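Asks: Below you will find the structure I want to go over with you.
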Amino acid sequence: MNQPVEAVSAEMRHAKVRAATEHTTVGQVTTTDDGRVSIACACGMDLTNGPTWSLDEHIRLHRAEARFLALAAVAPEGIPRLVRWPL
């Protein structure tokens, strides 16, 4: 009897969860002397606003990049990609 094919592998689910837990903001938002706002990420990076982006945009990009890297690293061999892998 044929087994149903699982749409998302356990390895990819785990990679997504790891990325989410390893890239959460920690502490409180702080304001620097020059007026920028910043918050730490659990990975050790400080996320900060800039001249053309908000702190929220930096957080969203950081989390998206973390998810991409985690999922791309465990994606099945031969899967079509938009971005050449490995980087």
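Asks: Here are Thr31, Thr21: which of them is at pLDDT 95 or above, in contact with a strand residue (DSSP E or B) (Cβ under 7 Å, 6 or more places away or on another chain) and hydroxyl-bearing (Ser, Thr, Tyr)? Step through it out loud before you land on a result.
Replies: Details: Thr21 fails: in contact with a strand residue (DSSP E or B) (Cβ under 7 Å, 6 or more places away or on another chain).
None of the others qualify; the one that does is Thr31.
Asks: Where residues in the stretch 54-85 are open to solvent by 70 Å² or more (accessible area, probe 1.4 Å), touching a helix residue (DSSP H, G or I) at 6+ places or on another chain (Cβ under 8 Å) and not in a helix (DSSP H, G or I), which of them is nearest to Glu22 (Cα to Cα)?
Replies: For the stretch 54-85, the residue satisfying everything is Trp85.
Asks: Okay, next question. Which pairs turn up if I take residues in the stretch 70-82 that are under 19 Å from Cys43 (Cα atoms) and modelled with pLDDT of 95 or more and look for partners that are open to solvent by 50 Å² or more (accessible area, probe 1.4 Å) and among the charged types (D, E, K, R) with beta carbon separation below 9 Å, at least 6 apart in sequence or on another chain?
Replies: Pairs that qualify, where the first residue is under 19 Å from Cys43 (Cα atoms) and modelled with pLDDT of 95 or more and the partner is open to solvent by 50 Å² or more (accessible area, probe 1.4 Å) and among the charged types (D, E, K, R), are Ala70/Lys16; Ala70/Arg18; Ala70/Glu22; Leu71/Lys16; Ala72/Arg81.
Asks: Could you tell me which residue of the stretch 18-36 is least open to solvent (accessible area, probe 1.4 Å), considering only residues that are in a strand (DSSP E or B) and touching a residue at least 24 places away in the same chain (Cβ under 8 Å)? Before the answer, list the steps.
Replies: Applying the first criterion (in a strand (DSSP E or B)) to the stretch 18-36 yields 25-31.
Now restrict to residues that are touching a residue at least 24 places away in the same chain (Cβ under 8 Å): 25, 29.
On the way: Thr25: 51, Val29: 85 Å².
Result: Thr25.
Asks: May I ask you to verify whether Met12 is of a type in the set (A, V, I, L, M, F, W, C), more than 11 Å from the chain's Cα centre (by Cα) and either surrounded by fewer than 11 Cβ atoms within 10 Å (Cβ to Cβ) or modelled with pLDDT under 95 (or both)? Give the derivation first.
Replies: Details: of a type in the set (A, V, I, L, M, F, W, C): yes; more than 11 Å from the chain's Cα centre (by Cα): yes; either surrounded by fewer than 11 Cβ atoms within 10 Å (Cβ to Cβ) or modelled with pLDDT under 95 (or both): yes.
The answer is yes for Met12.
Asks: Then there is this: Quick check on my filter: what residues within the stretch 37-53 are surrounded by 11 or more Cβ atoms within 10 Å (Cβ to Cβ), touching a residue at least 12 places away in the same chain (Cβ under 8 Å) and over 30 Å from Pro76 (Cβ atoms)?
Replies: Taking the stretch 37-53 as the starting set, the residues that turn out to be surrounded by 11 or more Cβ atoms within 10 Å (Cβ to Cβ) are 37-43, 45-49, 53.
Still in the running and touching a residue at least 12 places away in the same chain (Cβ under 8 Å): 37-43, 45, 47-49.
Selection gives Val37, Ser38, Ile39, Ala40, Leu47, Thr48, Asn49.
The values are calculated or read from the model by the stated rules, or taken from the named source; none is laboratory data. It should be emphasised that the depicted structure is a prediction, and the values quoted were computed from it without experimental measurement. A quick note on method: Cβ atoms are made from the backbone with ideal geometry, for glycine too, and the neighbour counts reach across all protein chains shown. All accessible areas refer to the heavy atoms of the entire protein, side chains included, with ligands and DNA or RNA removed. Shrake-Rupley method; radii C 1.70, N 1.55, O 1.52, S 1.80 Å.
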